[in-house]
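Trainee: Sending over a structure as C-alpha cells; questions will come in a sec.
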Amino acid sequence: MEPPDAENPPETPLVECLQCAYRDERNEIEQDGDSFKVKKNIAAKTKEIKFKIGEEVEDEMPTGRVKITPTLDAGGKLRFDFDFAQGGSVHRTGDSGRRVAVPGDEGMQRMGRPAPGSSPNEMVSLVGFCDTTSLLVGLLLPALVYVLVVVVKFLVWLRKDIGLGSKFPSPPYHWLYGNNHLTDFTFGEKYLSVIRAVVEKHPQAHSFCMAWINNIINITHPETIKQLLKSQSNGLFMSNGDTWKVRRRLLTPAFHFDILKQYVSVYNREATEMISKLLETTKRGQVFEMFQEASMCTLETILQCAFSGGQTSDETKNEYVEAIRKLEILFIEMVFNPIFIVAPSAYKRLPRGREYTRLCKFVHNTSESIIAKRRQQLMRDGRPQQKTGRLDFLDILLSARYEDGTGLTDLEIREEVDTFLFAGHETTASALSWTLYSLAQHPHHQDKVRAEVNHLLSGREENTIQWEDLHKLPYLTMCLKEAMRLHSPVPLIVRTMLEDTVIDGVTVPKGFEIGIHLYGLHHNPAVWGPDHMEFDPSRFRPERMKDRDSHAFLPFSAGQRNCIGQNFAMNEVKVMLARLIHKFVFEVDPTRPAQKEVLIVMNTKDGMWMKATPV
Ligand code: HEM
C-alpha cells in the first residue's frame, strides 16, 4: 500500500486517471505545429506516439488496444478520447490537463509553459484579448466552462454510482445523508457497528453510501471475494498492471526464506530495546500508549531489515510515525471531501490540503535521504554482497535491471521505499498492539501464551527467539491470528474493476470500485458464527480450520496482489509477542478503553493505554 501522493493529486476521479496513461507526470508531450508526440515513460522504457489534432491513433494500454483521438477543448486544453476496442464504446474522455499552444504561440515547445521571454500580458494579447472586459471574459469564461464540465461529469458519475449502489442492499438510507448519519460522519466504533449489522442481514455484499461522495459496494463473504479476485482489477494504492508485475517480480527475492531467516536477530534486538523502554515506564508505575511504542519499534525494524539501518535519528522516526498517522487522517478526510472530488487543485490550497502536501514532502524526503545515504555508501565502500553476501531491500532496488538492462529511475526507487516504510511498519504495529490489547483483556489466554514461551525458553541462557522456534509457538500463533480476525489490521481494501464483473448477481461495470471489506468478512456471522465479537483463539485450531473456506480469513488479502511482506510480518510479531509476554504481564487501563478508528490501518481514536508489570 503506497501512501497517497499529495504533490500530484489526481485532477479527475482516480478511475479516469488510471485509464488515461498520458496524465502521468513522467510522460512528456512535445509539440511541433499542429502535431505533437507523447513520450510515454513506462517502467523506465520510452515509447513515442505521434498525434495530430482530430486524427485517430491506436495505442497499446494495460487494458488492451485502444483508439485515441486528441482534440482541443474551449480552454485550449488537450483532451484524449479513448475508444476501447473490447467494449466498442467510448468509455471516457481523458484530459491531459496541459494547455496546447494556440496559433501564434510559436515559441511554446513544451505545453503548458509560456514561450521563453513572453510575459503573461503578451500571452493574453497573442490570443486576442486587449481590454479588461475581454480579459475577464477570456479568463473567467473558460474557468466557468471548466467548472461546469467537471460538475456535470461528477453528477453523471454520481448518478451511475448511486444507480449501481441501489442494486445492492444497504444500511437504512437517508435521502440527504445517505448512510453517513448512522456513523456520525466518522469511521470509528459506530461505523464498524453499522457494518456488522448490515453484514449480519446481508452476508454476501452491501452498498454503503457516503452522501454526495460515492456509494461503495462492499463484499464480505468468501464466495463473493473469490469471485472478485478472479476478475481483472487494480488496487487503489498500488501501481497499475504492467508496472506492478515488473516490480513485484523484482522484489520477490527480497522475501526469500533465506533472507527472512537473517531478520530474526533484528526482531530480537528491537524487542530487547522495547523491553528496556517499558521497564523505565513500569519503574515509574506509569501506563503507556502501546500503538506509538509499537509503531516506533516496527519502523526501526523495517529500517534495519530493508535498509540496513538507514541511520535515521530517533527524532526523525518519531516525526515520521506522527506524519503517517496525520496523513492517514487527512487522506480519509480528503477523499470524502466534495471540494477535493470536484476540484482537487482548489483543495490543495486550503489549510488541510497544504498540511497534507507538507507531510507528503516530509515522508518523501525521509525516503530520499535513506536512498542518498546508501548511494554515497556504495560509492565509498562498493557493493555490500562483496563483503557480507547479504543484499537488503534497498540493494535489490538499486541493482535491479529491466530486461533492456536499464535500472529503476530515482522516482521508482523512492516510490518503492515509501511503500515499504509505510506498509512495513503501520500494519505490523496495528497487529502487534491489538493482539497485546486482546491478551491484556483476557488474562487467561495471556497466561497460556506465557506458559508456552516459558516452556520453550526453559534451560536456555538467552531469552531470544530463534528461527527454529517460530513454529514451536502454536498457542501464541492462534492468539495472533484470532486478534487479526477480531481487529483486522487492514480493515478495507479497494479494487477498481478492469472488466465488467458479476457480483452477487449484479453486473458491476468496468471502472467501478469495489471494497473488499476485510473487517466485514472477519465479522460475518455466516462464516464465523454469532459469537464473532468474542476473542476465541480456538477458532484457529487445525481441526476447526480444516472445514473453513480458504477465503474466510484474509488479513493479508489473497490472489496475486496479496501482501508480499506477510511472512516477514508474522515472524516479526511472533518474536515481539513472545519476548514481551515472557517479560511482562499486560493489563488495559480501565479508565481509557481503546476505541477503534479506521484509517488505512485499524488505528485507535485516543490511543491504546496499557500497563506492564515485570513477571
Ligand atoms: C500484519 C502486518 C501486515 C498486514 C495485515 C498487511 C496487509 C496487507 C494487505 C491486506 C495488502 C493488500 C492491499 C490491497 O490489496 O490493496 C498488502 C499489500 C502489501 N503489503 Fe502488507 N501487510 C502487513 C505487513 C507488511 C510488511 C511487513 C510489508 C513489507 C515488509 C508489507 C508490504 C506490502 C506491500 C509491498 C504490498 C503491496 C503488494 C503488491 O501490490 O504486490 N506488508 N498488505
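We did not get these values from a lab; they are worked out from the coordinates using the rules stated. This structure is a prediction, so every number in the text was calculated from the model and none was measured. Note that each Cβ is placed from the backbone with ideal geometry, even for glycine, and that neighbours are counted across all protein chains shown.
Trainee: Trypsin sites (Lys or Arg not before Pro), restricted to the range 537-599: which are DSSP loop and have at most 11 other Cβ atoms within 10 Å?
Mentor: Values: sites: ARG539, ARG544, LYS546, ARG548, ARG561, LYS574, ARG579, LYS583, LYS596; in loops: LYS546, ARG548, ARG561.
Loop-located and lightly packed - LYS546.
Trainee: If amide H atoms are built 1.01 Å from N in the plane of the peptide, which residues on other chains or at least 5 residues away come under 5 Å of the amide H of MET602?
Mentor: VAL490
Trainee: Let me ask you something else. Is the range 542-615 rounded, prolate or oblate when judged by the Cα gyration tensor, a ≥ b ≥ c being the square roots of its eigenvalues, rounded requiring a/c under 1.5 and prolate requiring a/b larger than b/c? Could you put the intermediate results ahead of the total?
Mentor: Working: a/c = 2.02, a/b = 1.52, b/c = 1.33.
The shape class here is prolate.
Trainee: Using per-residue counts of other Cβ atoms within 10 Å, averaged over each peptide, order 468-481, 343-356, 178-191 from highest down.
Mentor: Listed from highest to lowest mean packing, they are 468-481, 178-191, 343-356.
Trainee: Please go through the range 262-324 and write out the trypsin sites (Lys or Arg not before Pro) that DSSP classes as loop and that have at most 15 other C-beta atoms within 10 Å.
Mentor: Sparse-neighbourhood loop trypsin sites (Lys or Arg not before Pro): ARG284.
Trainee: In addition: Based on the Cα atoms of the range 435-553, what semi-axes does the equivalent ellipsoid have, where each is the square root of 5 times one gyration tensor eigenvalue, given in whole Å with the largest first?
Mentor: 37, 16, 13
Trainee: Another question, if that's okay. What is the packing order of peptides 440-447, 420-427, 198-205, taking the mean over residues of other C-beta atoms within 10 Å and listing the highest first?
Mentor: Details: 440-447: 16.1, 420-427: 24.5, 198-205: 20.2.
Going from most to least packed, we get 420-427, 198-205, 440-447.
Trainee: Also, I was wondering about something else. Over 32 Å between Cα atoms, which of LYS190/LYS326; LYS160/LYS190; LYS67/LYS326; LYS47/LYS361; LYS39/LYS167 qualify?
Mentor: Distance filter (> 32 Å) returns LYS67/LYS326; LYS39/LYS167.
Trainee: Cβ neighbours within 10 Å, averaged per peptide: list 326-335, 598-607, 502-511 in order, most packed at the top.
Mentor: Going from most to least packed, we get 598-607, 326-335, 502-511.
Trainee: Sequence neighbours fewer than 8 away in the same chain don't count; with that in mind, list the lysines whose C-alpha is under 16 Å from LYS230.
Mentor: LYS510
Trainee: Now, a different point. How many angstrom lie between the Cα centre of the range 482-550 and the Cα centre of the range 301-379?
Mentor: The range 482-550 and the range 301-379 have Cα centres separated by 30 Å.
Trainee: In the range 495-545, which GluC sites (Glu not before Pro) fall in coil by DSSP and have 13 or fewer other Cβ atoms within 10 Å?
Mentor: Values: sites: GLU499, GLU513, GLU534, GLU543; in loops: GLU499, GLU534.
Passing both the DSSP loop test and the Cβ count: GLU534.
Trainee: Using the structure shown, select from LYS283/LYS611; LYS481/LYS574; LYS481/LYS605 the pairs with a Cα to Cα distance greater than 18 angstrom.
Mentor: Distance filter (> 18 Å) returns LYS481/LYS605.
Trainee: Classify the range 163-304: rounded, prolate or oblate, from the alpha-carbon gyration tensor (a ≥ b ≥ c, eigenvalue square roots; a/c under 1.5 rounded; otherwise prolate if a/b is larger than b/c)?
Mentor: Oblate, since a/c reaches 1.5 and b/c is not below a/b.
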